[in-house]
1. Could you run through segment 8-51 and say how many residues are modelled with pLDDT of 95 or more and more than 18 Å from Met80 (Cβ to Cβ)?
2. Tell me, which residue of segment 110-136 that is under 30 Å from Val73 (Cα atoms) and open to solvent by less than 80 Å² (accessible area, probe 1.4 Å) is modelled with the lowest pLDDT?
3. Is there a residue being at positive phi and open to solvent by 70 Å² or more (accessible area, probe 1.4 Å) anywhere in segment 55-62?
4. Return a yes/no flag: does segment 91-109 have any residue that is over 15 Å from the mean Cα position of the chain (by Cα) and at pLDDT 90 or above.
5. Give segment 69-87 a look and list any residue that's among the β-branched types (Val, Ile, Thr), touching a residue at least 12 places away in the same chain (Cβ under 8 Å) and open to solvent by 50 Å² or more (accessible area, probe 1.4 Å), or say none.
6. Select from segment 30-53 the residues that are among the aliphatic types (A, V, I, L, M) and either open to solvent by 90 Å² or more (accessible area, probe 1.4 Å) or more than 20 Å from the chain's Cα centre (by Cα) (or both) and list them in ascending order.
7. So, in segment 88-103, of the ones that are open to solvent by 50 Å² or more (accessible area, probe 1.4 Å) and not aliphatic (A, V, I, L, M), which residue ends up farthest from Thr37 (Cα to Cα)?
Amino acid sequence: MSAHTDIHADGADHGAHDDHHGHDDGAPHATLKGYMTGFVLSVILTAIPFWLVMGNVFEKPSTTAMVILGFAVVQILVHMIYFLHMNAKSEHGWTMLALIFTIVVVVITLSGSLWVMYHMNHNMMPGMMHDMHKVP
């Protein structure tokens, strides 16, 4: 046996340089074209909401806010795909599982916080809500 061989627990001689060179693990590879595509999409997805706000395109601010939130979600996806190189195959799906877990925790935290704040405001100051129309 030479100094460059390595016997693993399965008894097979895999050699010292068995570190998955040449094997495709499903992770996308970074290219200049991919980074430029992500950059251009990010600029477009930033410029359009800016134009929507500055140009006062929608009459209702709530419509503008919902459209901007939609653009924000798309921009998050662009960053994850083109800059973080995340997909369902990278790292055998663990990055996607971690992302799903993070989204669930954030949704629970945000919705719980909003629910608590709404009910605290409603239950702690019930008399003040009727007098708010008198405030100048």
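The values are calculated or read from the model by the stated rules, or taken from the named source; none is laboratory data. What you see is a predicted model, and the numbers here were worked out from it, not measured in a lab. Reconstructed Cβ throughout: ideal geometry from the backbone, glycine too, with neighbour counts over all protein chains shown. Note: accessible area is taken over every heavy atom of the protein model, side chains too, but ligands, DNA and RNA are not part of it. Shrake-Rupley method; radii C 1.70, N 1.55, O 1.52, S 1.80 Å.
1. 5
2. Filtering first and then ranking leaves Asn121.
3. At the first step, the residues of segment 55-62 found to be at positive phi are 56.
From the residues that got through so far, the ones that are open to solvent by 70 Å² or more (accessible area, probe 1.4 Å) too are 56.
Within segment 55-62, one or more residues are at positive phi and open to solvent by 70 Å² or more (accessible area, probe 1.4 Å).
4. Here is the first cut: in segment 91-109, the ones over 15 Å from the mean Cα position of the chain (by Cα) are 91-93, 108-109.
Now narrow it down to the ones that are at pLDDT 90 or above: 108-109.
Yes - at least one qualifying residue is present in segment 91-109.
5. The first filter runs over segment 69-87 and keeps only residues among the β-branched types (Val, Ile, Thr), leaving 73-74, 76, 78, 81.
Checking the rest, the ones that are also touching a residue at least 12 places away in the same chain (Cβ under 8 Å) come to 74, 78, 81.
Val74, Ile81, listed by residue number.
6. Filtering segment 30-53 down to residues among the aliphatic types (A, V, I, L, M) leaves 30, 32, 36, 40-41, 43-45, 47-48, 52-53.
Within segment 30-53, Leu32, Met36, Leu52, Val53 qualify.
7. Start the filter on segment 88-103 by keeping residues that are open to solvent by 50 Å² or more (accessible area, probe 1.4 Å), which leaves 88-89, 91-92, 94, 96-98, 100-103.
If we keep only those that are not aliphatic (A, V, I, L, M) as well, we get 89, 91-92, 94, 101-102.
Details: Lys89: 21, Glu91: 23, His92: 25, Trp94: 25, Phe101: 28, Thr102: 26 Å.
In this case the residue turns out to be Phe101.
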